[in-house]
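Read through the structure below, which is laid out as structure tokens, and then see the notes.
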Amino acid sequence: MSPSDLTIRSAGPADLPALLDLYQHLNPGDERPSGPQAEAALEHLMRYEGSAIFLALSDATPVASCTLVVIPNLTRGGAPYGLIENVVTHAAYRNRGIGQRLMDHATEAAWQAGCYKLMLMTGSTRPETLGFYQRAGFEQSKTGFQKRRVAPRPE
């Protein structure tokens, strides 16, 4: 795949079925939300200025995605910060630079939204996953904590 064959854009309601299929490459066997639940969640996310679910498409087929949430803030002069979640590339399209291009796109969108930082967390300990995030410009510099209502997925 050449770089010109890849399109990155924000997802809309018509993309939800394909996006939910793509998420099975993130969490195989994960329960899918109903159509109305997915539509409501996307609509809610789109109300956050600067936030989006980005899709990378190859020949109009969604092959990778990530979510950017821009969070209002009262420190750092009121500059918001960004959070990236649900980073996934279809298994058949991995190791082609698609995820890197997608992360670059999300980073640029965060900077355009005025974010002073961009964060993400991963539960993965796999060297290739950690290396991917480092090559995308993220540094492992803080300690993360979480409290879960639902058990984490096995790696």
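Rule-based calculations on the coordinates, nothing more; no lab input. What you see is a predicted model; the values in this text were computed from it and never measured. Neighbour counts are summed over all protein chains in view; Cβ atoms, including those assigned to glycine, are modelled from backbone coordinates with ideal geometry.
What is the residue count in the range 70-91 for residues that are part of a strand (DSSP E or B) and either among the hydroxyl-bearing types (Ser, Thr, Tyr) or surrounded by 19 or more Cβ atoms within 10 Å (Cβ to Cβ) (or both)? Before the answer, list the steps.
First, the residues of the range 70-91 that are part of a strand (DSSP E or B): 70-71, 81-89.
Those still in the list that are either among the hydroxyl-bearing types (Ser, Thr, Tyr) or surrounded by 19 or more Cβ atoms within 10 Å (Cβ to Cβ) (or both) too: 70, 81-82, 84, 87-89.
Total meeting the criteria: 7.
Quick check on the range 117-134. Is at least one of its residues assigned to a strand (DSSP E or B), within 13 Å of the chain's Cα centre (by Cα) and under 18 Å from Leu16 (Cβ atoms)?
Filtering the range 117-134 for residues assigned to a strand (DSSP E or B) gives 118-120.
In the following step, the residues that additionally are within 13 Å of the chain's Cα centre (by Cα) were identified as 118-120.
Among the residues that remain, those that are also under 18 Å from Leu16 (Cβ atoms) are: none.
No; the residues of the range 117-134 include none that is assigned to a strand (DSSP E or B), within 13 Å of the chain's Cα centre (by Cα) and under 18 Å from Leu16 (Cβ atoms).
Go through the range 28-45 and report how many residues are in a loop (DSSP other than H, G, I, E, B) and either under 17 Å from the mean Cα position of the chain (by Cα) or under 20 Å from Val88 (Cα atoms) (or both). Give the steps one after another, and end with the answer.
The initial filter retains those residues of the range 28-45 that are in a loop (DSSP other than H, G, I, E, B), namely 28-34.
Retained after the next criterion (residues that are either under 17 Å from the mean Cα position of the chain (by Cα) or under 20 Å from Val88 (Cα atoms) (or both)): 28-33.
Matching residues across the range 28-45 total 6.
Output the qualifying pairs, or none if there are none: Cβ atoms under 7 angstrom, residues six or more apart or on different chains, first residue in the range 29-51 and closer than 24 Å to Ala106 by Cα, second residue in a helix (DSSP H, G or I) and of a type outside the set (A, V, I, L, M, F, W, C).
If the second residue must be in a helix (DSSP H, G or I) and of a type outside the set (A, V, I, L, M, F, W, C), the pairs left are Glu39/Pro13; Leu42/Pro13.
Which one of these does Glu49 not meet: (1) surrounded by 15 or more Cβ atoms within 10 Å (Cβ to Cβ); (2) out of contact with any Leu (no Cβ under 8 Å at 6 or more places or on another chain); (3) under 22 Å from Pro13 (Cβ atoms)?
(1)
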